[in-house]
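This report refers to the structure that appears directly beneath it.
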Amino acid sequence: MANSGAFGGFPAWGVSFYQELEDNNTKELWAANKARWEREVREPMLALVEELEDEFGPAKLFRPNRDIRFSADKSPYKTHQGAIVGQTAGVGYYVQISGDGLAVGGGFRTHSPVQTESFRRAIAAAGSGVEFERIVAALGRAGFDLEGAALKTRPKGFDIDHPRLDLLRRKEIMAINRVGTPAWLSKPAALQHVRSYWRGIRPLVDWVTEHVAPE
């Protein structure tokens, strides 16, 4: 990634632009705003993740174009700009700007049945399972929403009276904090806020990295 200079915050225009894009997702709107999007969305995101790289590792910015080849929704552009940091497929840290403002998160999005199976086995085990339960509870208290695909029924191979049955129903887990548009979002202080959120997620990312099989 090319150096983008010091991070100075996310200009408010980016949030307004994505709100407009949600209502008018057209190539014409994108073309008219592309240069400003580069300057006020993509470049700040690049600068942010470059500042965080020393602690969390290199990031990948997602492309703005949607893959519409197999989708009934032919809207050409994503209504957010996201970036992900992760050494293993499906495991890492995430940040995005959209019409709703800033969202920060991380965790584990499964890429295979093997990953889901090792995830559940680690939850079921006494030591790693209790640790996972503690991590999840702490994230909930810290204001993170816990998301991801889950079964409504008991997964095969696990007892109906298992003390962590609710967690065992999960196929994956992402902790997301939808921060919105606080006053600091457009200021350099946003860097330390994102760093703090990612540090809060680190125990979850470390646990998954240790216990979930790579793809």
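The values are calculated or read from the model by the stated rules, or taken from the named source; none is laboratory data. Since the model is a prediction, treat every value here as computed from it, not as a measurement. In this analysis, Cβ positions are derived from the backbone assuming ideal geometry, glycine residues included, and neighbour counts consider all displayed protein chains.
A few notes on this one:
- Leu146 out of contact with any Gly (no Cβ under 7 Å at 6 or more places or on another chain), more than 30 Å from Asn24 (Cα to Cα) and not polar (S, T, N, Q): no
- When segment 155-168 is filtered for residues that are closer than 19 Å to Ala126 by Cβ and free of Cβ contacts under 8 Å to residues at least 40 places away in the same chain, the ones remaining, listed by number, are Pro155, Gly157, Phe158, Asp159, Ile160, Asp161, His162, Pro163, Leu165, Asp166.
- Selected residue (criterion: modelled with the lowest pLDDT) from residues of segment 111-129 that are surrounded by 13 or more Cβ atoms within 10 Å (Cβ to Cβ) and among the aliphatic types (A, V, I, L, M): Val114
- Residues of segment 121-135 satisfying the condition of being under 18 Å from Ala175 (Cβ atoms) and touching a helix residue (DSSP H, G or I) at 6+ places or on another chain (Cβ under 7 Å): Ala122, Ile123, Ser128, Gly129, Glu131, Phe132, Glu133, Ile135
- No other residue among Arg69, Arg39 is of a type in the set (D, E, K, R), in a loop (DSSP other than H, G, I, E, B) and out of contact with any Gly (no Cβ under 8 Å at 6 or more places or on another chain) apart from Arg69.
- Of all residues in segment 108-126, none satisfies being more than 27 Å from Pro58 (Cβ to Cβ), without any contact (Cβ under 8 Å) to a residue 12 or more places away in the chain and β-branched (Val, Ile, Thr).
- Scanning segment 70-104 for residues that are farther than 24 Å from Asp23 by Cβ and among the basic types (Lys, Arg) turns up nothing.
- Segment 25-47: number of residues that are within 15 Å of Arg66 (Cα to Cα) and polar (S, T, N, Q): 2
- Residues in segment 34-59 that are over 18 Å from the mean Cα position of the chain (by Cα) and under 11 Å from Ile97 (Cβ atoms): Trp37, Glu40.
- Residue within segment 3-13 that is more than 22 Å from Pro182 (Cα to Cα), crowded, with 18+ Cβ neighbours inside 10 Å and of a type in the set (A, V, I, L, M, F, W, C) present: no
- Filter result (within 18 Å of Arg199 (Cα to Cα) and touching a helix residue (DSSP H, G or I) at 6+ places or on another chain (Cβ under 7 Å)) within segment 137-159: Leu139, Ala142, Leu146
- In segment 18-33, the qualifying residues are those that are closer than 22 Å to Ala103 by Cα and in a helix (DSSP H, G or I), and the one that is nearest to the chain's Cα centre (by Cα) is Tyr18.
- Condition met for Gly14 (modelled with pLDDT of 95 or more, part of a loop (DSSP other than H, G, I, E, B), farther than 21 Å from Phe144 by Cβ and not aliphatic (A, V, I, L, M)): no
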